[in-house]
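Step one of this worksheet: look at the structure below.
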Amino acid sequence: MAIHEVTTEDVLQRCARCGSSNRLSLDTLEVGVARREDVDDGLVQLPPCPACRSTEFLIRAAESEPAHPAPGSFGHLHRLLVGHLHAELVQRGRLHTVLKPKGGGARKVAVHPLSQETRERWFPQGLRLAVPLRRAAPRPGKVQSIGIHCQQTPPAPAMPRGVPNPSLLDLICLEDRACMSSRATPLRARETHMLIGTDTTYLSNEIPGLRGQKVRIFAVLRGGLRPDANPDADDYYVNDDEKLARLGGVTAEDCIDAAPIHPDGTTSFVHVDPRAVDLECFAHLRNPSAQ
């Protein structure tokens, strides 16, 4: 799900599924992914992970996308790095066949190259994301948590009819379902019935075109809004309810790995990472005093 470094020859990817690190040559990547009858020139598909064979996609920020809410955070720097990689591939002519010029002229593809000022401010040590050695613990009372505990995970449901060839994400979604209920804490009195793999509604305008749509939760990116977020930490990408409960649940500083839901109930292959507070099931975290 994340890339950590871009050089003149390759890109370093950290697989979100198994955690392995992979060096991918720029000559193996291209801009553009076919989506039904069109090609989305804002996507870059990464090769299957050698370890677990999962496939991931990088999403270039949209032209109308607002400024990142947490400048300097991992999410903000990752967005800049993806924009640079996308622009570099376009410059090299690494384009999907549909996007390649037929008569010598190139179809215009929007790019977000890094300015020299941006490089000097956010990437003074090169185009890489620094990983802190350790993360400072949040101060008590500053972050509102959802207390949870796990019940026995029910058997995975059968794949819905009409999905003859389920994707890896479909299978992950079915396998990751578990039941979660509230744990009484001084900060939280009401119950919540949230669980990995279930659906909620996106309420914000931060991700263009997604407001009001249903999304399915695949994991919690713990501390994703913190400047010192460490995506390599074992407790950063949590897609297990029992582990999430042990770590204290979801906070207002977390992001969520989610995917939009199609009308037929399947999920998009493109994942998004909204702030937890921008999802309906966690909206109460914006106002801790209401608990």
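The values are calculated or read from the model by the stated rules, or taken from the named source; none is laboratory data. Small disclaimer: the values here were computed from a predicted structure and weren't measured. All Cβ positions, glycine included, derive from the backbone under ideal geometry; neighbour counts span all protein chains shown. For the accessible areas, the whole protein counts, side chains as well, though only heavy atoms, and no ligand, DNA or RNA atoms are used. Shrake-Rupley method; radii C 1.70, N 1.55, O 1.52, S 1.80 Å.
Taking amide hydrogens as modeled 1.01 Å from N in the peptide plane, which residues meet the under 5 Å criterion relative to residue 2, leaving out close sequence neighbours?
Under 5 Å from the amide H of residue 2 lie the amide H atoms of 14, 16, each far enough along the sequence or on another chain.
If the only charges are +1 at each Lys and Arg Cβ and -1 at each Asp and Glu Cβ, what is the size of the charge dipole of the stretch 1-97 around the Cα centre, to the nearest 20 debye? Before the final figure, lay out each step's value.
On the way: 10 positive and 13 negative charges, 72 e Å.
Approximately 340 debye in magnitude.
Can you return the aspartates and glutamates within cross-link range of residue 243? Criterion is Cα-Cα under 14 Å, with same-chain partners fewer than 8 residues away left out.
Here the aspartates and glutamates satisfying the reach criterion relative to residue 243 are 176, 234, 235.
From the phi of every residue in the stretch 85-101, what ³J(HN,Hα) in whole Hz does the Karplus formula 6.51 cos²θ - 1.76 cosθ + 1.60 yield, where θ is phi - 60° and glycine or proline is x?
Result, rounded to whole Hz: 4, 4, 5, 5, 5, 4, 4, 7, x, 7, 10, 4, 3, 5, 8, 6, x.
Restrict the search to the stretch 1-65; then list the trypsin sites (Lys or Arg not before Pro) that DSSP places in a loop and that have at most 16 other Cβ atoms within 10 Å of their Cβ. Mind showing how you got there, number by number?
Values: sites: 14, 17, 23, 35, 36, 53, 60; in loops: 17, 36, 53, 60.
Counting only loop positions with at most 16 other Cβ atoms within 10 Å, the trypsin sites (Lys or Arg not before Pro) in the stretch 1-65 are 36, 53.
For the stretch 228-291, report the accessible area per residue in Å² (1.4 Å probe, heavy atoms, rounded to an integer). Let's see the in-between values first.
On the way: 2580 Å² over 64 residues.
Heavy-atom accessible area per residue stands at 40 Å².
What figure in square angstrom, to the nearest 10, would you give for the accessible area of residue 117 with a 1.4 Å probe?
Counting only protein heavy atoms, the figure is 140 Å².
Rounded to the nearest whole Å², what accessible area per residue is found for the stretch 1-51 with the 1.4 Å probe?
Numbers: 2450 Å² over 51 residues.
On a per-residue basis, the stretch 1-51 sits at 48 Å².
Ordering 64, 54 from largest to smallest accessible area (1.4 angstrom probe), what's the sequence?
Details: 64 95, 54 10 Å².
Putting 64, 54 in descending order of accessible area: 64, 54.
Sorted by accessible area (1.4 Å probe), largest first, how do 15, 281 line up?
These residues rank, largest area first, as 281, 15.
First compute the accessible area of the stretch 1-135 with a 1.4 Å probe, then give the percent of it belonging to carbon and sulfur atoms. Walk me through the numbers before you get to the answer.
On the way: 3630 of 7570 Å².
Looking at the stretch 1-135 in its full context, I get 48 percent from C and S.
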